[in-house]
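One structure below.
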Amino acid sequence: MVGVGLLYQAGYFKQSLSQDGWQQETYPVLDPDEMPLTLLREQDGTPARISLPLPNSRSLSAQIWRADVGRVPLLLLDSNIPENDEHARNVTDRLYGGGSDHRLQQELLLGMGGIRALRAYSRITGAPAPEVFHCNEGHAGFLGIERIQELMNPQDGSEPMTWNEALTAVRSATVFTTHTPVPAGIDRFDRAQVEYFFNAGLTPAVPTSHILELGAESYEGGDPSKFNMAVMGLRLAQRANGVAKLHGVVSRGMFQGLWSGFDTEEVPITSVTNGVHTPSWIDPAMRAIAVDPQENDQDPASRWRKIYQADDKDLWQVRRDLRERLVHDVRRRLRASWKKRGAADAELAWTDSVLDPDVLTIGFARRVPTYKRLTLMLRDPERLKKLLLDPDNPIQLVVAGKSHPADEMGKRMIQDLVRFTDDPEVRHRIVFLPNYDIAMARVLFPGCDVWLNNPLRPLEACGTSGMKAAMNGGLNLSVLDGWWDEMYDGQNGWAIPTADNKASTDERDDVEAAALYELIENHVAPRFYGESTDDPEITSEEIPHQWLAMVKHTLATLGPNVSARRMLTDYVQKLYVPASVSGRRSLADNGKVARSTSRWIERVRQAWPQVHVNMWTPRVCCKNRRSVTS
Ligand SMILES: *Cc1c(COP(=O)(O)O)cnc(C)c1O
């Protein structure tokens, strides 16, 4: 496996807050020489280069950094080199920067340049040429065009393929994963814009008109002036998937127009549910108590059953330690944030006693697009206050998330939330932490007892943060969307009922927020604090055994299923192996099968209008079966 991406000079932004709670963005520049990266060099020591022609006789070149992620090399293209003019140097300046021309050049570099980088990498290191190509979303989709060009204009003396033959061969070895049902998450360019770049000679052997057809929204409701990267990705890939079962269903409906005449259930988009990398996300203390270090390849899930042997007292202690560490981290971050917002140390003594290591802790952290509804919890502020300040069963909330820099609505949601958390009456029980990132996440997930997620169903394709919480013994409290829709089993957390049938989003928010408050008040908090029962053994102890039964069940059953290991096994079995088999077959013998398959497809397409379905009486049908099928 080899990964390919872009090395951004500034990465994504750093978030801080203004005095009045408005998101501020800064873009600290990264220095590749201070990161665990090495430059790919030719035998003679000069840095390897790839280059793409641009309009007006300009060009876009890039150097190639290599990062080793475990055993997987990751190649990162970097256009910040002296041979580029200033515009070209800034193509890899930052994620989501600039306008659509900038974005298009990033994607040309990633897709077409990415294939050229892989070829350079194989040439220099002797690594075998990749056989299967997997595009995550449309961003890298132009890699298919570059591979078609290689087959139409071979440099090794083999017989050139036609467009249709090359498309058939490329499709057979390509996997496409769609990642979002939110239209704003899909890249679309003006058709004229794409034409302009390809006409500069990016693919001399490939007619631009064919490329434009691949991205055309040539279905009902499509916009003929647009070039859609997801649509191109699906047309270039013989195998495609969504990232959770429900997302597979949604995607089959969403892209049905590309398979006209198919019933929705038969649209060839399957699903592989995402997973997260266990060694990176499980806290060492939780790992020690919950996971058997002995691997069992026959039954990987068995390792997680170790937790059933743990003593409740020990498990409760681990959970408390993780919560306490989070509380200390929150206090430190909150003080730093307030100092940035202009407060003096003398005013900040209160931050030292924010949150309580013995109070039920609910986490909510994610990007802040509208559909994730950061502020649903504020729907009835008085009700939330009561939950936070309940004298017997209080809760505390830790919230974090970055808004896209251009999303005013997201920033307003953050501001509304920050203003609520600034209130001296509740500020010891609810905090907003700026600059959500992986470093924060690694303390946050293990420290939360409950992980909250309330997207507008079904817009969350999968969601992964709840998985990171689950593998640390956190219980999910979530709308039945994404992964939770298929993995919630009634004992591993709670499902927030959805009001999909309500006409307006306002009504939906009202109904779903009310359900959320009700669940916390009557189910989640009482269980955490130990429901009083008639059993004296349970009430006499400080340990909530019923809660811990849910924690154990979560670790043992969700642990193995939310792991990247399970995900990767699914990808290998369902998609990578079949794609490598058909890719090899289609390219063997100088592409014999690709060529004949492509001819067959042509013939069937041309003859299809002549196919008729006639009604036969059963007797005639049976007698004539031979001739009918032939
Ligand atoms: C896991 C994670 C995400 C993604 O979370 P989702 O639930 O998939 O939205 C985003 N940012 C950070 C820092 C994460 O750790």
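The values are calculated or read from the model by the stated rules, or taken from the named source; none is laboratory data. It should be emphasised that the depicted structure is a prediction, and the values quoted were computed from it without experimental measurement. Every residue, glycine as well, gets a Cβ built from its backbone with ideal geometry; the counts of neighbours run over all protein chains shown.
The single condition from (1) of a type in the set (Val, Ile, Thr); (2) surrounded by fewer than 20 Cβ atoms within 10 Å (Cβ to Cβ); (3) touching a Leu at 6+ places or on another chain (Cβ under 9 Å) that VAL249 fails is (3).
The condition of being touching a helix residue (DSSP H, G or I) at 6+ places or on another chain (Cβ under 6 Å), surrounded by fewer than 20 Cβ atoms within 10 Å (Cβ to Cβ) and not in a loop (DSSP other than H, G, I, E, B) holds for only one of SER16, SER59, that being SER16.
Filter segment 361-374 down to the residues that are of a type in the set (D, E, K, R) and either within 11 Å of the ligand (Cβ to nearest atom) or part of a strand (DSSP E or B) (or both) and list them by number. Don't jump to the end; show me each part of the working.
To start, the set of residues in segment 361-374 that are of a type in the set (D, E, K, R) comprises 366-367, 372-373.
ARG366, ARG367, LYS372, listed by residue number.
Is it fair to say ALA503 is more than 29 Å from ALA288 (Cβ to Cβ), modelled with pLDDT of 95 or more, over 20 Å from the mean Cα position of the chain (by Cα) and surrounded by fewer than 20 Cβ atoms within 10 Å (Cβ to Cβ)?
Values: more than 29 Å from ALA288 (Cβ to Cβ): yes; modelled with pLDDT of 95 or more: no; over 20 Å from the mean Cα position of the chain (by Cα): yes; surrounded by fewer than 20 Cβ atoms within 10 Å (Cβ to Cβ): yes.
Considered against the rule, which asks whether it is more than 29 Å from ALA288 (Cβ to Cβ), modelled with pLDDT of 95 or more, over 20 Å from the mean Cα position of the chain (by Cα) and surrounded by fewer than 20 Cβ atoms within 10 Å (Cβ to Cβ), ALA503 comes out as no.
Checking each residue in segment 371-392 for being out of contact with any Asp or Glu (no Cβ under 8 Å at 6 or more places or on another chain) and not charged (D, E, K, R) picks out LEU374, MET377, PRO381, LEU384, LEU388, PRO391. Considering only segment 514-525, state which residues are within 25 Å of VAL551 (Cα to Cα) and surrounded by 15 or more Cβ atoms within 10 Å (Cβ to Cβ). Those that are within 25 Å of VAL551 (Cα to Cα) and surrounded by 15 or more Cβ atoms within 10 Å (Cβ to Cβ): ALA515, LEU516, TYR517, LEU519, ILE520, GLU521, VAL524, ALA525.
Quick check: is even one residue across segment 335-347 more than 16 Å from the ligand (Cβ to nearest atom), of a type in the set (Phe, Trp, Tyr) and touching a residue at least 40 places away in the same chain (Cβ under 8 Å)? Scanning segment 335-347 turns up no residue that is more than 16 Å from the ligand (Cβ to nearest atom), of a type in the set (Phe, Trp, Tyr) and touching a residue at least 40 places away in the same chain (Cβ under 8 Å). Checking PRO446, PRO434 one by one, the residue that is crowded, with 21+ Cβ neighbours inside 10 Å, farther than 23 Å from THR370 by Cβ and out of contact with any Phe, Trp or Tyr (no Cβ under 8 Å at 6 or more places or on another chain) is PRO446 and no other.
In segment 445-465, the residues that are β-branched (Val, Ile, Thr) form Cβ pairs under 9 Å with partners that are within 13 Å of the ligand (Cβ to nearest atom) and not in a strand (DSSP E or B), at six or more places apart or across chains, as follows: VAL450/ALA469; VAL450/GLY474; THR464/ASN274; THR464/GLY275; THR464/GLY482; THR464/TRP483; THR464/VAL562.
When both residues are 6+ apart or on different chains and their Cβ atoms are under 6 Å apart, which pairs have a first residue that lies in segment 359-386 and is at negative phi, and a second that is buried (at least 18 other Cβ atoms within 10 Å of the Cβ) and among the aromatic types (Phe, Trp, Tyr)? Correct list of pairs: LEU360/PHE528; GLY363/TRP451; ALA365/TYR436; LEU378/PHE420. For segment 480-493, a residue qualifies if it is over 18 Å from the mean Cα position of the chain (by Cα) and either of a type in the set (Val, Ile, Thr) or crowded, with 22+ Cβ neighbours inside 10 Å (or both), and exactly one does: GLY493.
Quick one: which residue in TYR121, TYR96 is among the hydroxyl-bearing types (Ser, Thr, Tyr), farther than 18 Å from GLY185 by Cβ and touching a residue at least 60 places away in the same chain (Cβ under 8 Å)? Don't jump to the end; show me each part of the working.
Numbers: TYR96 fails: farther than 18 Å from GLY185 by Cβ.
So the residue among TYR121, TYR96 that is among the hydroxyl-bearing types (Ser, Thr, Tyr), farther than 18 Å from GLY185 by Cβ and touching a residue at least 60 places away in the same chain (Cβ under 8 Å) is TYR121.
For segment 126-169, how many residues are more than 14 Å from GLY114 (Cβ to Cβ), in a helix (DSSP H, G or I) and small (Gly, Ala, Ser)? So the count comes out to 2. Taken over segment 475-491, the criterion of being touching a strand residue (DSSP E or B) at 6+ places or on another chain (Cβ under 6 Å), over 18 Å from PRO560 (Cβ atoms) and away from the ligand (no atom under 13 Å from the Cβ) is satisfied by LEU477, LEU480.
Do we find that ALA301 is modelled with pLDDT of 95 or more and either small (Gly, Ala, Ser) or surrounded by fewer than 15 Cβ atoms within 10 Å (Cβ to Cβ) (or both) in this structure?
On the way: modelled with pLDDT of 95 or more: no; either small (Gly, Ala, Ser) or surrounded by fewer than 15 Cβ atoms within 10 Å (Cβ to Cβ) (or both): yes.
For ALA301, the condition - modelled with pLDDT of 95 or more and either small (Gly, Ala, Ser) or surrounded by fewer than 15 Cβ atoms within 10 Å (Cβ to Cβ) (or both) - is not met.
In summary, LYS226 fulfils each of the numbered conditions (1) crowded, with 19+ Cβ neighbours inside 10 Å; (2) within 28 Å of the chain's Cα centre (by Cα) with the single exception of condition (1). Scanning segment 141-189 for residues that are at pLDDT below 95 and either touching a Phe, Trp or Tyr at 6+ places or on another chain (Cβ under 8 Å) or of a type in the set (Ser, Thr, Tyr) (or both) turns up SER158, THR180, VAL182. Note on segment 375-474: enclosed strands (runs of 3 or more DSSP E) holding 1 or more residues that are more than 16 Å from the ligand (Cβ to nearest atom) and closer than 26 Å to ARG335 by Cβ are 395-400, 430-433.
Condition (residue is in contact with a strand residue (DSSP E or B) (Cβ under 8 Å, 6 or more places away or on another chain), over 28 Å from LEU17 (Cβ atoms) and part of a helix (DSSP H, G or I)) applied to segment 495-507: is it met by at least one residue? Looking for residues that are in contact with a strand residue (DSSP E or B) (Cβ under 8 Å, 6 or more places away or on another chain), over 28 Å from LEU17 (Cβ atoms) and part of a helix (DSSP H, G or I), one finds none in segment 495-507, hence no.
Yes or no: segment 289-310 includes at least one residue that is within 30 Å of MET254 (Cα to Cα), more than 16 Å from the ligand (Cβ to nearest atom), touching a residue at least 24 places away in the same chain (Cβ under 8 Å) and hydrophobic (A, V, I, L, M, F, W, C).
The first filter runs over segment 289-310 and keeps only residues within 30 Å of MET254 (Cα to Cα), leaving none.
Scanning segment 289-310, I find no residue that is within 30 Å of MET254 (Cα to Cα), more than 16 Å from the ligand (Cβ to nearest atom), touching a residue at least 24 places away in the same chain (Cβ under 8 Å) and hydrophobic (A, V, I, L, M, F, W, C), so the answer is no.
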